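Notes for the one structure printed next.
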Amino acid sequence: MGKYAKVMGINFPKLTLDRTIEVLSDVIEENRSELFHVITVNPEITMACQKDTSLRSIIEEAGLITADGVGIVMVSRLRGGNLPERVTGYDTLLRLLDSGNQKKWSFYFLGADPHTNEKVCEVIRNKYPALSILGRHHGFFTQSEEDKIVDEIGTLKLDILVVALGAPYAERWIHQHKSKLHAKIAIGVGGSLDVIAGKVKETPESWKRLNLEWLYRLIQQPSRWKRQLILPKFAIRALTFREK
């Protein structure tokens, strides 16, 4: 059956969330010299890759990509790819925090607004006291501040750099600076810090089981409606896409 499921030309590894965390744990334990870039690819990014060659190359160079969205999983199954489950940035981050607490990993949190960035680190310190937060910075920085942030991160020799600058900007940012960051793993997590900090409500499990997380988030954040329009377009394009 193969190790990958191809959706609109992108090869998604057939990994569960459990297996994804095992892979990332191995990366940290191996002490690799190069940064391992994790990208959670949703329908929006998948669609953007059809025209944006620079974004497509960033994804192709990533250490690992995951299927961040039930739409990608459903399309893969309808086309015979059979991805086992979605692996979202939020779920991956929570599991990394849990593993980091057990194994005493070090983290840096970049992104969100100043208050949320401070609040999320407070919440994480209280819930995961054994992991180390070596630094943090909000996502509203200037060019001069950006250079200092990159330099600071580079000196810390982190296990995990968490970047919440929004997709695909976070992915571009990590890729642009990866030679200077000197972290073992870097991952873009979208709006996950807002949820952990309590700024945005977490989707109840009942909605997730029904694959209606997108609808719950739309109800909580009506301003997302324009972004949600991509979902039916993605379904049509992905189901009729002719793989090369």
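The values are calculated or read from the model by the stated rules, or taken from the named source; none is laboratory data. Keep in mind that what you see is a predicted model, and the values were worked out from it rather than measured. Neighbour counts run over all protein chains shown; Cβ positions are idealised from the backbone, glycine included.
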Original post:
If you take the residues of the range 50-73 that are assigned to a loop (DSSP other than H, G, I, E, B) and surrounded by 21 or more Cβ atoms within 10 Å (Cβ to Cβ), which of them is farthest from the chain's Cα centre (by Cα)?
Top reply: G69
Subject >> Count of the range 90-122 residues which are in a loop (DSSP other than H, G, I, E, B) and surrounded by 21 or more Cβ atoms within 10 Å (Cβ to Cβ) >> reply: 2
Original post:
Mind checking which residues of the range 26-53 are more than 14 Å from A183 (Cβ to Cβ) and either in contact with a helix residue (DSSP H, G or I) (Cβ under 8 Å, 6 or more places away or on another chain) or among the aromatic types (F, W, Y) (or both)?
Top reply: I39, T40, V41, N42, P43, E44, I45, T46, M47, A48, C49, Q50
Subject >> Residue, surrounded by the fewest Cβ atoms within 10 Å (Cβ to Cβ), within the range 168-198, restricted to residues that are of a type in the set (V, I, T) and not in a loop (DSSP other than H, G, I, E, B) >> reply: V195
**OP:** Please go through the range 102-160 and pick out each residue that is among the acidic types (D, E) and touching a His at 6+ places or on another chain (Cβ under 9 Å).
**Re:** D113, E118, E145, E146, E152
Original post:
Quick one: is V87 farther than 21 Å from K14 by Cβ, in contact with a strand residue (DSSP E or B) (Cβ under 7 Å, 6 or more places away or on another chain) and not in a strand (DSSP E or B)?
Top reply: no
Original post:
If we scan the range 137-151, do we find a residue that is within 16 Å of the chain's Cα centre (by Cα) and assigned to a loop (DSSP other than H, G, I, E, B)?
Top reply: yes
Original post:
Of all the residues that make up the range 158-167, how many are at pLDDT 95 or above and assigned to a loop (DSSP other than H, G, I, E, B)?
Top reply: 3
Original post:
Out of all the residues in the range 74-81, is one or more within 18 Å of A167 (Cβ to Cβ) and either in contact (Cβ under 8 Å) with a residue 40 or more places away in the chain or buried (at least 17 other Cβ atoms within 10 Å of the Cβ) (or both)?
Top reply: no
